[in-house]
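First comes the structure, then the notes that go with it.
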Amino acid sequence: MIRQSFPPSATAPLRPLRPAAALARHVPALPALVLAVILALLGTVLLPAQGARADDTATGTAEDTGAGSEEAWAGAWDGADWAVRGVSVFEGRAFDTCTAPPLATMRGWRDSGYGGVGVYFGGRGRACPTQPYLDADWTRGVSALGWSVLPVYVGSQAPCVAAENKQGFRIGGDPVGQGTREGRDAVRRAAEVGIGSRSPLYLDMEQYDHRDAECAATTLSFVRAWNRAVQAEGYVSGFYSSADSGVAHMEQARRAGVADLPEVMWFARWGGEGSVDSEPSLAAGAWQPQRRIHQYRGNVRETHGGVTLNIDRNMVDAPVANMTPRTVGAPAAEGDPNPATVDSSAANSNAVDVPAADTKVNAHPSPSPTPAPTSPPIGSPPPAEPHPDTVDAPAPTPAPARIG
């Protein structure tokens with residue numbers, strides 16, 4: 001067999017380019033000018049390729065981290081850190097009502113079967129901006145009675161909000177700036193009524209069309225900015241909305257890997273019994289554990305201790321308020337001498353009388369309530385989506401309007 005021989009330089013592996021002076025020693029016959037031209041041409045070919053590889057590596061590193069992916073964001077739903085963060089959690093049933101009742105009423109409702117109460121402590125969109133009893137003494141007083149408090153802030157609403165009485169409170173042209181300002185306002189107003197850091201503040205965003213891309217983008221920017229402002233002051237950001245509008249929107253954003261979403265989800269789906277684990281608009285592992293509240297019925301009347309209130313019913317497995325200590329020397333809160341004997345919320349022609357058998361829903365409230373019995377899954381949703389709204393809103397459909 002004939003072997004073809006090659007000079008050693010043809011079969012040896014390629015070596016790094018050498019400086020012109022070193023290469024000139026190996027190729028002394030080439031004029032210096034020709035050598036310089038060759039090296040210049042080789043440099044224009046090799047250097048861009050090396051630069052391209054560096055850019056590709058940087059891009060690949062960003063993608064490999066999974067930043068913005070659902071997998072990376074899923075770690076935010078580990079509720080085991082509440083105790084580490086000093087956040088209190090309540091598991092059981094709660095009611096919310098438009099105006100915080102006097103302490104005497106809350107004392108009379110201790111045997112109602114509810115262990116938590118939602119209060120509308122701030123926000124320009126509140127249906128009941130006047131709160132004659134809600135102050136630091138009230139929050140400390142109900143806490144001393146064994147109640148857990150869910151603080152709700154009704155701020156600016158989505159540009160495409162459905163309720164007519166909320167359309168005067170739409171988010172403006174600077175959703176980030178507005179969300180930041182209102183988040184700081186929420187923190188300030190919470191502190192004024194004795195709700196301290198490590199407490200949840202629940203942003204109430206009434207029903208809107210999240211399929212409207214422009215409206216959805218504006219609303220999401222506002223919500224994220226509000227969350228950042230609240231969290232920056234040591235509070236927990238929560239979010240309340242209809243299950244098929246705002247809550248579905250937040251779930252869509254979570255799946256897309258959006259950051260700065262609410263830490264706790266309060267969803268309104270009326271009908272059936274309360275369950276925090278069976279909401280179809282949320283993935284099974286989203287906002288779990290101890291990060292959900294289900295508002296399962298709204299605008300009903302109940303009487304306990306001789307006092308009737310117009311309320312919404314909620315099943316809770318989520319953070320509740322931590323009260324700031326009373327200033328040394330300050331007088332203790334006393335019960336109101338004139339306890340309410342009628343609704344603490346505005347009158348509502350859609351109010352539904354509740355049979356006496358339906359007023360007892362759980363064990364007596366206590367400072368450390370035991371977990372509520374397992375509730376059956378939510379039944380089929382009503383023919384039309386619940387329309388959470390305030391008691392003074394018009395009622396274009398037979399569905400009752402939401403309190404607050």
Open item on the list: Taking amide H atoms as placed 1.01 Å from N in the peptide plane, list the residues 5 or more away in sequence, or in a different chain, whose amide H sits under 5 Å from that of N299.
Closed with: I311, D312, R313, I403
Task: Karplus 3J(HN,Hα) series, Hz, for region 99-109 with 6.51 cos²θ - 1.76 cosθ + 1.60 (x for Gly, Pro) - done: 10, 4, x, x, 4, 4, 5, 5, 5, x, 8
TODO: May I ask you to evaluate 6.51 cos²θ - 1.76 cosθ + 1.60, the Karplus curve with θ = phi - 60°, for each residue of region 190-195 and list the ³J(HN,Hα) values in order in whole Hz, giving x for glycine and proline?
DONE: 4, 4, 4, 9, x, 9
Task: Total charge dipole magnitude, region 83-358, about the Cα centre, Cβ charges on Lys, Arg, Asp, Glu only, Debye to nearest 20 - done: 600 debye
Open item on the list: So if each residue of separation counts as 0.36 nm, and I subtract the Cα-Cα distance between R326 and D277, what length gain in nm does that give?
Closed with: 13.9 nm
Task: Other-chain or far-sequence residues with amide H under 5 Å of S88's (modelled H) - done: V320
Task: Two-decimal Rg/Rh across region 227-273, once Rg and the Kirkwood Rh are taken from alpha-carbon atoms - done: 1.04
- [ ] Would you pull out the residues with amide H under 5 Å of M323's amide H, same chain only if 5 or more places away, H placed 1.01 Å from N?
- [x] G196
Task: Share of Cα-Cα pairs in region 83-358 lying beyond 25 Å, as whole percent - done: 43 percent
Open item on the list: Run through region 217-308 and list the GluC sites (Glu not before Pro) located in a DSSP loop whose Cβ has at most 16 other Cβ atoms within 10 Å.
Closed with: E233, E273
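Computed from the coordinates by the stated procedures, all read-outs in this text should not be read as laboratory data. Quick caveat: nothing in here was measured; it's all calculated off a predicted structure. For neighbour counting, all protein chains shown are included, and Cβ atoms are generated from backbone atoms with ideal geometry for every residue, glycine included.
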